[in-house]
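Student: First, the structure itself, so that you have it in front of you.
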Amino acid sequence: MQMPPLEQFFRHFDPHSAAIAGAPVTERKLSQLEGCYADSPAFKAALERLDAVIYSVSSLELGGGDGDLHIGLGMVMPGKIGAEYHLTRGHLHSWREAAEIYIGLSGSGMMLLEGEDGTDAAVPLEANAIVYVPGHTAHRTVNTGLEPLTYLGIYPAKAGHDYAAIAQSNFRQVVIEQGGKATVMRRKDWLETIRLETLRADLENGAKE
């Protein structure tokens, strides 16, 4: 049996730029994340200032068979929209049974895990950390640090990515900065906090006028 070319089973990658040699890179700008962040006014204001790149993924897909694996090397830039940390769109796998392994390379952040059965968790993702994402679980990466968060994801070739399901309902959890620390909150609670803060600010402005 003839061995395949070396590039079929060996590649270099750069953990700092989140690039895999010879693999395409997909960038996601802020404008492509509309609806992901809870604070719509803050999102609009940030987008008016700059349509910045929020994250990128370099993907390596060398085989498509049932036993093959795909690799994604991701990088989420530091920053916040309002008080909510930068994040990825997040997804379920089209083949719901597919699990995934994430390996933290640099920076610090969290992975939001939300099962289709209603369970959820927020798991630290940082250098030298391994996060297991079970099947039937939506997952989103959040950068809670001051430097880029880079990580490696390994998943079955036939897993696929279902972004539409997330776009319809979004994640139930958000990660915001409170008192200088990353805090996980229910989305509905954070939306209510934003509503009350906006109402309070409007009342104060009205009193000044």
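Student: Pairs needed: first member in the stretch 5-20, on the phi < 0 side of the Ramachandran plot and of a type outside the set (D, E, K, R); second member anywhere, modelled with pLDDT under 85 and surrounded by 13 or more Cβ atoms within 10 Å (Cβ to Cβ); C-beta distance under 6 Å; at least 6 residues apart or different chains.
Tutor: Gln8/Leu62
Student: If you check Ser56, Ser40, which single one turns out to be of a type in the set (S, T, N, Q), modelled with pLDDT under 95 and out of contact with any Ser or Thr (no Cβ under 6 Å at 6 or more places or on another chain)?
Tutor: One residue alone meets the criteria, Ser40.
Student: Here's something else I'd like to know. Among Ile154, Ile194, which is the only one that is surrounded by 14 or more Cβ atoms within 10 Å (Cβ to Cβ), within 28 Å of His16 (Cβ to Cβ), in contact with an Asp or Glu (Cβ under 9 Å, 6 or more places away or on another chain) and touching a residue at least 12 places away in the same chain (Cβ under 8 Å)?
Tutor: Numbers: Ile194 fails: within 28 Å of His16 (Cβ to Cβ).
Going through Ile154, Ile194 in turn, just one is surrounded by 14 or more Cβ atoms within 10 Å (Cβ to Cβ), within 28 Å of His16 (Cβ to Cβ), in contact with an Asp or Glu (Cβ under 9 Å, 6 or more places away or on another chain) and touching a residue at least 12 places away in the same chain (Cβ under 8 Å): Ile154.
Student: For the list (1) out of contact with any His (no Cβ under 8 Å at 6 or more places or on another chain); (2) among the hydrophobic types (A, V, I, L, M, F, W, C); (3) surrounded by 14 or more Cβ atoms within 10 Å (Cβ to Cβ), I need the number of the one condition that Ile20 fails.
Tutor: (1)
Student: List, please: which pairs have Cβ atoms under 8 Å, are six or more places apart or on different chains, and start with a residue in the stretch 42-62 that is touching a residue at least 12 places away in the same chain (Cβ under 8 Å) and end with one that is exposed (fewer than 13 other Cβ atoms within 10 Å of the Cβ) and in a strand (DSSP E or B)?
Tutor: Here the result reads Val53/Glu27; Tyr55/Glu27; Ser56/Thr26; Ser56/Glu27; Val57/Thr26; Ser58/Thr26; Ser59/Thr26, each pair linking the stretch 42-62 to a residue that is exposed (fewer than 13 other Cβ atoms within 10 Å of the Cβ) and in a strand (DSSP E or B).
Student: Restricting attention to the stretch 9-22, does a residue exist that is modelled with pLDDT of 95 or more, acidic (Asp, Glu) and over 17 Å from the mean Cα position of the chain (by Cα)? Give the steps one after another, and end with the answer.
Tutor: Narrowing the stretch 9-22 to residues modelled with pLDDT of 95 or more: none.
No, that holds for no residue.
Student: Pick from the stretch 158-192 the residues that are touching a Phe, Trp or Tyr at 6+ places or on another chain (Cβ under 9 Å) and hydrophobic (A, V, I, L, M, F, W, C): which of them is farthest from Pro78 (Cα to Cα)?
Tutor: Applying the filter and picking the extreme gives Ala159.
Student: Quick one: which residue in Glu27, Glu100 is closer than 20 Å to Ala157 by Cβ and among the charged types (D, E, K, R)? So that I can check it myself, show each step before the final result.
Tutor: Values: Glu27 fails: closer than 20 Å to Ala157 by Cβ.
Unique residue meeting the criteria: Glu100.
Student: A further question follows. Quick check on my filter: what residues within the stretch 40-77 are in contact with an Asp or Glu (Cβ under 6 Å, 6 or more places away or on another chain) and of a type outside the set (Gly, Ala, Ser)?
Tutor: Within the stretch 40-77, Val53, His70 meet the criteria.
Student: Of all residues in the stretch 91-134, which are among the hydroxyl-bearing types (Ser, Thr, Tyr), loosely packed, with under 14 Cβ neighbours inside 10 Å and within 22 Å of Ala164 (Cα to Cα)?
Tutor: Residue satisfying the conditions is Thr119 alone.
Student: Considering only residues of the stretch 65-90 that are of a type in the set (D, E, K, R) and assigned to a loop (DSSP other than H, G, I, E, B), which is surrounded by the fewest Cβ atoms within 10 Å (Cβ to Cβ)?
Tutor: Start the filter on the stretch 65-90 by keeping residues that are of a type in the set (D, E, K, R), which leaves 66, 68, 80, 84, 89.
If we keep only those that are assigned to a loop (DSSP other than H, G, I, E, B) as well, we get 66, 68, 89.
Values: Asp66: 8, Asp68: 12, Arg89: 19.
The residue in question is Asp66.
Student: Mind listing just one residue for me: the one in the stretch 172-191 that is touching a residue at least 60 places away in the same chain (Cβ under 8 Å) and touching a helix residue (DSSP H, G or I) at 6+ places or on another chain (Cβ under 7 Å) and, of those, surrounded by the most Cβ atoms within 10 Å (Cβ to Cβ)? Don't jump to the end; show me each part of the working.
Tutor: We begin by selecting, within the stretch 172-191, every residue touching a residue at least 60 places away in the same chain (Cβ under 8 Å); these are 173-178, 182, 184, 187, 190-191.
Next cut, touching a helix residue (DSSP H, G or I) at 6+ places or on another chain (Cβ under 7 Å) only: 173-174, 176.
On the way: Gln173: 20, Val174: 27, Ile176: 22.
The extreme case among them is Val174.
The values are calculated or read from the model by the stated rules, or taken from the named source; none is laboratory data. Since this is a predicted model, take the numbers as computed values, not measurements. Here Cβ is always computed from backbone atoms with ideal geometry, including for glycine, and neighbour counts include all displayed protein chains.
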